[in-house]
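The values are calculated or read from the model by the stated rules, or taken from the named source; none is laboratory data. What you are looking at is a predicted structure, and each value in this text was computed from that prediction instead of being measured. Note that we place each Cβ from the backbone using ideal geometry, even for glycine, and neighbour counts take in every protein chain shown. In case anyone asks, the SASA skips ligands and DNA or RNA and just uses the protein heavy atoms, side chains included. Shrake-Rupley method; radii C 1.70, N 1.55, O 1.52, S 1.80 Å.
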Amino acid sequence: MRALVLNGIKEMAIEDIQKPELKPNEVRVDTAYAGICGTDKGLYAGLPGSADAVPPIVLGHENSGVISEVGSNVTDFKVGDRVTVDPNIYDGTCEYCRTGRPELCDNLDAVGVTRNGGFEESFTAPASVVYHVPDNVSLRAAAVTEPISCAVHGMKLLKFTPYQKALVIGDGFMGELFVQLLQAYGVHQVDLAGVVQEKLDFNQEKFGVTNTFNTANGDKIPADYDVVIEAVGMPQTQEEAIEATKKGAQVMMFGVGKPEQTFSMNTYQVFKKQLTIQGSFINPHAFEDSLALLSSGKLDVEPLISHELDLSEVQSYLDGEITGVSKAIAKVSGAK
């Protein structure tokens, strides 16, 4: 079958590989679409993701498709089912799994990171991490359930009430998801800061953002937010997130920086304002909520997908040769 194989740092090739053997507790998914995200860019460059990707490996941890085979012990799925896959597979026995924090699992396995993922025509996954796609959700939209679920997990780590004012820093795909999620969770005012005026205008017109700030043009963000979500992962924006808070605020550091990266903050202000600064890692127990948000229409991701690529174009995108991307997905088969 056709697959895009990562053979080394920034070394990818379309290859003809064997279909993986199906285990009794697994299903085989014929990939329809595979999302491409910043984590894939990092893995391509040799950086760690949720776990280390050891070449040769097929990336693609954001997936949707159709089941073509079920293992002998699988009862909840059948051939022809439309599905999406949570890539993260926990061992269930380490300290973190046994204390209700599986996202911190010491032995995390992940589809598209430690085992072959969706940048191939067919992949396998344990049935325990596979989810039915609602009839009114396209496989194109379902391909981004995983990044949605990461954002949903972040939302679950915070506390919201309707009166609050929230700020999202970052006008990329994840920031745009958080704009809609904050509204879906009942926050009455959601503002957005970014550097691309077209995106800021789009989110204000399409999704009802109250105020926008173009920091590239020198717009100043007021320090009066109850909730700030940083969705960039750069020291400058991380510092901006702390500075935008009012007393008692919560700050979600969602953006992923480089492993050696640091940022500065005034620790006295953290004390005086009684700030809560929260990290968020992957997506435990968040797929059901994510699919429900898609099915209900409270989350509309189709307008955020800017590019649909062939597998042969993925490396060019990872190399930065395809620009102006909000969210890119690879179309792997003709499934709808």
Accessible area per residue, 1.4 Å probe, Å², for the chain: what's the number? 44
For the chain, what is the charge dipole size about the Cα centre, in debye to the nearest 20, if Lys and Arg each add +1 at the Cβ and Asp and Glu each add -1 at the Cβ? 880
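Count the DSSP beta bridges whose two residues both fall in the chain, then state the antiparallel fraction as a percent rounded to the nearest 5. Spell out each step's value before the answer.
Values: 33 of 58 bridges.
That works out to approximately 55 percent antiparallel.
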Given the pairs Lys19/Lys331; Lys220/Lys247; Lys41/Lys206; Lys41/Lys298; Lys220/Lys327; Lys23/Lys331, which are separated by over 21 angstrom at their Cα positions? Lys41/Lys206; Lys41/Lys298; Lys220/Lys327; Lys23/Lys331
Pairs of alpha-carbon atoms within less than 8 angstrom and 6+ residues apart define the contacts here; what relative contact order does the chain have, in percent? 18
Cα gyration tensor category, rounded, prolate or oblate, for the stretch 1-74 with a/c compared to 1.5: prolate
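Rounded to the nearest percent, how much of the accessible area of the chain (1.4 Å probe, protein heavy atoms only) is carbon and sulfur? Mind showing how you got there, number by number?
Working: 7200 of 14810 Å².
Heavy-atom surface of the chain belonging to carbon and sulfur, 1.4 Å probe: 49 percent.
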Peptides 290-303, 225-238 ordered by average Cβ neighbours within 10 Å, highest first: 225-238, 290-303
D (Stokes-Einstein, µm²/s), Kirkwood Cα radius, the stretch 192-336, 0.692 mPa s at 37 °C: 183
With +1 at each Lys and Arg Cβ and -1 at each Asp and Glu Cβ, the charge dipole magnitude of the stretch 130-179 around its Cα centre, to the nearest 20 debye, comes out at 240
In this structure, the FRET efficiency calculated for Tyr163 and Thr262 from their beta-carbon separation, with R0 = 41 Å, to the nearest 0.05, is 0.75
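Multiply the residue separation of Ser68 and Lys10 by 0.36 nm, subtract the distance between their alpha-carbon atoms, and state the gained length in nm to one decimal.
17.7 nm
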Cα-based convex hull volume of the stretch 104-247 per residue, rounded to whole Å³: 164
So between Thr323 and Asp310, what do we pick up on full extension, going 0.36 nm a residue minus the alpha carbon distance? 3.1 nm
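Using alpha-carbon pairs under 8 Å, 6+ residues apart, how would you state the relative contact order of the stretch 237-290 in percent?
Across the stretch 237-290, relative contact order equals 45 percent.
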At q = 0.12 Å⁻¹, what log₁₀ I(q)/I(0) does the stretch 23-181 have when each alpha carbon counts as one equal point scatterer in the Debye sum? -0.57
Among Leu304, Val251, Val314, the residue whose Cα sits farthest towards the positive end of the charge dipole of the stretch 237-336 (+1 at Cβ of Lys and Arg, -1 at Cβ of Asp and Glu, taken about the Cα centre) is Val251
I need the phi-derived Karplus couplings for the stretch 56-68: 6.51 cos²θ - 1.76 cosθ + 1.60, θ = phi - 60°, integer Hz, Gly and Pro marked x. x, 8, 9, 6, x, 9, 10, 9, 9, x, 10, 5, 10
Taking Cα pairs under 8 Å and at least six residues apart, what relative contact order does the stretch 197-336 come out at, in percent? 15
What angle do you read, to the nearest 10 degrees and between 0 and 90, between the alpha-carbon axis of helix 145-156 and the longest principal axis of the chain? 40
Towards the positive end of the charge dipole of the stretch 268-328, with charges on Cβ (+1 Lys, Arg; -1 Asp, Glu), say which of Tyr268, Val325, His285 has the farthest Cα. Tyr268
